[in-house]
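Engineer: Have a look at this one before I ask anything.
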Amino acid sequence: MTSRKPRAYALFALASLSAVTFALAGAVLPSSAVPHAEAQRLRATVYVTQAAIPRGLTEKALVGFARGHQARAMNESSEAEIEQRHWLANMVVQFNAPPGDLEYHALFYNVTDGARNFVDDMAIYLNGRDQRTYVQRLNLQRPRFQPNKRYELVITVRRAEVGNTRFETRGEEPRRSGQVDFSVEDTRVRE
């Protein structure tokens with residue numbers, strides 16, 4: 001009976017050593033081994049406004065202005081022909097911490113039918129790594145963007161989604177009568 005005790009102790013010691021080894025292996029991994037650990041914690045709040053942003057606002061006042069004037073429906077410009085019209089707006093992005101990169105991306109998706117259909121990508125380059133709030137001018141042009149559709153704007157940093165907002169484009173559809181008019185000359189058979 002005494003021969004079983006050392007064997008049981010050896011198995012217990014081996015199992016304990018294995019558990020400690022696995023626990024230490026997870027704790028010793030460098031932070032670069034965890035993909036996008038910093039980007040997963042980074043969050044952004046996104047506002048789209050068509051109101052003119054006053055100059056000289058503090059960062060807090062800018063975010064308050066954008067929040068109060070957020071455009072859920074954007075109206076198109078009306079001075080040009082229908083095919084040349086566009087939607088002008090300002091995008092205000094507030095990160096919860098500096099993004100730690102010199103660029104981030106704004107991705108536009110058409111979500112009118114429910115699914116995300118990619119429309120456009122805009123790279124935004126930053127002046128410094130320590131800022132948290134950014135203002136970017138948006139010029140959404142036809143035919144890429146269409147009137148009376150719903151869009152989702154997604155902010156990504158190092159390919160990780162950190163924030164989004166939704167808006168609708170309002171505008172005039174091209175008019176088509178549905179009638180075809182043939183002149184007498186068009187219907188004659190040519191010899």
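The values are calculated or read from the model by the stated rules, or taken from the named source; none is laboratory data. Just so we're clear, the structure is a prediction, and the values are computed from it rather than from any experiment. In this analysis, Cβ positions are derived from the backbone assuming ideal geometry, glycine residues included, and neighbour counts consider all displayed protein chains. Surface areas here come from the heavy atoms of the whole protein model, side chains and all, with no ligands, DNA or RNA. Shrake-Rupley method; radii C 1.70, N 1.55, O 1.52, S 1.80 Å.
Engineer: Convert each backbone phi in the stretch 150-167 into a coupling constant with the Karplus relation 6.51 cos²θ - 1.76 cosθ + 1.60 (shift: θ = phi - 60°), then list the ³J(HN,Hα) values in order as whole Hz, x for Gly and Pro.
Structural biologist: Those phi angles translate into 9, 10, 10, 9, 10, 9, 10, 10, 6, 6, 9, 5, 10, x, 7, 8, 10, 8 Hz.
Engineer: Which shape class, rounded, prolate or oblate, goes with the stretch 74-117 when its Cα gyration tensor gives a ≥ b ≥ c as root eigenvalues, a/c under 1.5 marks rounded, and past that a/b bigger than b/c marks prolate? Spell out each step's value before the answer.
Structural biologist: Details: a/c = 2.98, a/b = 1.67, b/c = 1.79.
Verdict is oblate for the stretch 74-117.
Engineer: Hey, another quick one. Would you work out if the stretch 60-139 is rounded, prolate or oblate? Take a ≥ b ≥ c from the square roots of the eigenvalues of the alpha-carbon gyration tensor; rounded if a/c is under 1.5, else prolate when a/b is larger than b/c, oblate otherwise.
Structural biologist: Values: a/c = 1.89, a/b = 1.53, b/c = 1.23.
Cα axes put the stretch 60-139 in the prolate bin.
Engineer: Could you compute the net charge surrounding Gln84? Neighbours are other residues with a C-beta less than 14 Å from the C-beta of Gln84; K and R count +1, D and E count -1.
Structural biologist: Working: positive: Arg85, Arg142, Arg144; negative: Glu76, Glu79, Glu81, Glu83, Glu172.
Value of the local net charge: -2.
Engineer: In whole Hz, with x marking every Gly and Pro, tabulate ³J(HN,Hα) for the stretch 76-83 from phi via Karplus 6.51 cos²θ - 1.76 cosθ + 1.60, θ = phi - 60°.
Structural biologist: These are the phi-based 3J(HN,Hα) values: 7, 5, 10, 7, 9, 4, 4, 5 Hz.
Engineer: Order these peptides, 165-172, 81-88, by their mean beta-carbon neighbour count within 10 angstrom, highest first.
Structural biologist: Details: 165-172: 16.9, 81-88: 13.6.
Taking the mean over residues of other Cβ atoms within 10 Å, the ranking is 165-172, 81-88.
Engineer: If you don't mind, another one. Can you give me the % of accessible surface on the stretch 44-170 that is carbon or sulfur? Probe 1.4 Å, all protein chains present, nothing else counted.
Structural biologist: Numbers: 3020 of 6890 Å².
About 44 percent, which is the carbon plus sulfur part of the accessible surface.
Engineer: For the stretch 56-99 and the stretch 117-149, what is the separation of their Cα centres, given in Å?
Structural biologist: Cα centroid of the stretch 56-99 versus Cα centroid of the stretch 117-149: 10 Å apart.
Engineer: Quick one: net charge of Phe167's neighbours, Cβ under 9 Å, K/R +1, D/E -1?
Structural biologist: Taking every Cβ under 9 Å from that of Phe167, the sum is +1.
Engineer: Also: What relative contact order, as a whole-number percentage, does the stretch 44-170 give when Cα pairs under 8 Å and 6 or more residues apart are counted? Write down the numbers at each step before the final one.
Structural biologist: Numbers: 260 pairs, mean separation 38.5, N = 127.
30 percent.
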